[in-house]
Ligand code: PMP
């Protein structure tokens, strides 16, 4: 049974209560970015009204206050991830900057010609391109774990792709197109057997399911606050302490140093070593409110709610002529329903249902290799979150049906 109190939750999200093109907004683009509850909006405003100053440069009262709130937020993120130490929790500008940090800092120190980086066919460009860039610089080679026709990782092919040449396995915990929830623990186990390091893109998992980096035994984990009812411009890089200590810093600048001379520097200790420059202070402090909001509702409850909505959408879309849903069954994924319709452009569907107030996304969703795997260039994607209702699923499906009668 659905454990969420939808009326209470929806009342927390002011942006949902508006009309678009004269119709009530039905916001189903949560995989791109989620909306913020009043608690997070208030936290953002409160920082800027009362506590804002640069962090770690202090000596004055306001800076001391903002610094301690910044560090409290780091502790909230540590708890959310199940990390052992707050030194393992780095504030970044998002998943993209977190993955680039790992690829460049870890990769430059650990990759050589002949080494292999294993990715998967379902990765977001931000878990592909940074690896391609570091592969070009170091002479390492990229390999990819294929997916099955129904959008699961082809796990039976994993042992054949792993060898002592595999130095890095970069995999998403959940796909932003298919929704597929991947068996991270099993991938990490097999990767560690050949001595590879595992970097997990948790951008689509963190908003939708409980995460425990220690249970995963993942070496690195990246996430974005803006997909989990938090602010944009902020993410987290989790890394095992020994790995973060052994690798060089990525960005250079203020805060990440211990000492500097004209021609040399020594890096700061963790986590400052990977937080060069002024961080997104307001966003980082307010992220704590987002984490607490999700924890109060419960990530298990959120996933169950989304899967119920996905199930309902699958059911209502089942007899739409020519419509094909990409990816696995609802119980194997987060609340994402991507689809194509024979002979009709996903963009046209997206534009048409926008006029009915329904916000979805059409395009390649930063996953061109995944779409190529299915022999398509783009898809339409409805992505659900904790505040979406069954009624909204009905409005969405009715709008798709109407659009198709006009477009076909
Ligand atoms: N990986 C996945 C799976 C994503 O869905 C996204 C966001 N679309 C990213 C990485 C990149 O996140 P960001 O744009 O917040 O850096």
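Just so it is clear, none of the values below were taken in a lab; they were calculated from the coordinates. What you see is a predicted model; the values in this text were computed from it and never measured. FYI the Cβ positions are ideal-geometry reconstructions off the backbone, even for glycines, and counts take in every protein chain you see.
Numbers at a glance
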{"read-out": "For the chain, built as a Gaussian network whose Cα springs stay under 10 Å, the top-fluctuating residue of 105, 77, 268", "value": "268"}
{"read-out": "DSSP bridge pairs, the chain: antiparallel proportion in percent, nearest 5", "value": "60 percent"}
{"read-out": "Estimated Rh, region 131-186: Kirkwood, alpha-carbon pairs, angstrom", "value": "12.7 Å"}
{"read-out": "Region 1-150, relative contact order [Cα under 8 Å, separation at least 6], %", "value": "13 percent"}
{"read-out": "Kirkwood hydrodynamic radius of region 220-339, Cα pairs, Å", "value": "18.0 Å"}
{"read-out": "Helical mean residue ellipticity (222 nm; -39500 (n - 2.57) per DSSP H run of 4+; nearest 500) of the chain", "value": "-11000 deg cm²/dmol"}
{"read-out": "Extension gain (nm, one decimal) between residue 85 and residue 401, 0.36 nm per residue minus Cα-Cα", "value": "108.7 nm"}
{"read-out": "FRET efficiency for residue 324 and residue 64, using Cβ-Cβ distance with R0 set to 56 Å, rounded to 0.05", "value": "0.45"}
{"read-out": "Mean Cα-pair separation over length for the chain, i.e. relative contact order, pairs under 8 Å, 6 or more apart, %", "value": "23 percent"}
{"read-out": "Percent RCO, i.e. relative contact order, over region 299-408, from Cα pairs under 8 Å lying at least 6 residues apart", "value": "32 percent"}
{"read-out": "Cα-based Rg of the chain normalised by 2.2 N^0.38 Å, two decimals", "value": "1.00"}
{"read-out": "Chain lengthening between residue 39 and residue 112 when straightened (0.36 nm per residue, less Cα-Cα)", "value": "21.5 nm"}
{"read-out": "Among 124-130, 311-317, 284-290, the order from most to least packed when residues are scored by Cβ within 10 Å on average", "value": "284-290, 124-130, 311-317"}
{"read-out": "Solution diffusion estimate, µm²/s, Stokes-Einstein, region 6-117, Kirkwood Rh from C-alpha pairs, 4 °C, viscosity 1.567 mPa s", "value": "72 µm²/s"}
{"read-out": "Stokes-Einstein D in µm²/s, Kirkwood radius over Cα pairs - region 71-208 at 4 °C with 1.567 mPa s viscosity", "value": "84 µm²/s"}
{"read-out": "Pairwise FRET efficiency - residue 368 versus residue 2, Cβ, R0 = 25 Å, nearest 0.05", "value": "0.10"}
{"read-out": "Descending principal axes extents, region 182-252, alpha-carbon based, whole Å", "value": "38, 34, 14"}
{"read-out": "Inter-probe distance in nm under a simple model that places probes 7 Å from Cα toward Cβ, at residue 189 and residue 156", "value": "1.9 nm"}
{"read-out": "Stretch gain in nm, segment residue 133-residue 391, where the contour uses 0.36 nm per residue and the Cα spacing is subtracted", "value": "88.4 nm"}
{"read-out": "Most fluctuating residue given options 49, 65, 19, as computed from a GNM of the chain linking Cα atoms under 10 Å", "value": "49"}
{"read-out": "Inter-probe distance in nm under a simple model that places probes 7 Å from Cα toward Cβ, at residue 260 and residue 347", "value": "4.5 nm"}
{"read-out": "Mean projected area in nm² (Cα convex hull; one quarter of hull surface) for region 73-143", "value": "5.5 nm²"}
{"read-out": "Whether region 335-408 is rounded, prolate or oblate, judged on the alpha carbon gyration tensor where a/c under 1.5 counts as rounded", "value": "oblate"}
{"read-out": "Reciprocal of mean inverse Cα separation for region 267-389 (Kirkwood radius, Å)", "value": "17.2 Å"}
{"read-out": "Reduced Cα scattering model of region 1-52, Debye log10 I(q)/I(0), q = 0.22 Å⁻¹", "value": "-0.95"}
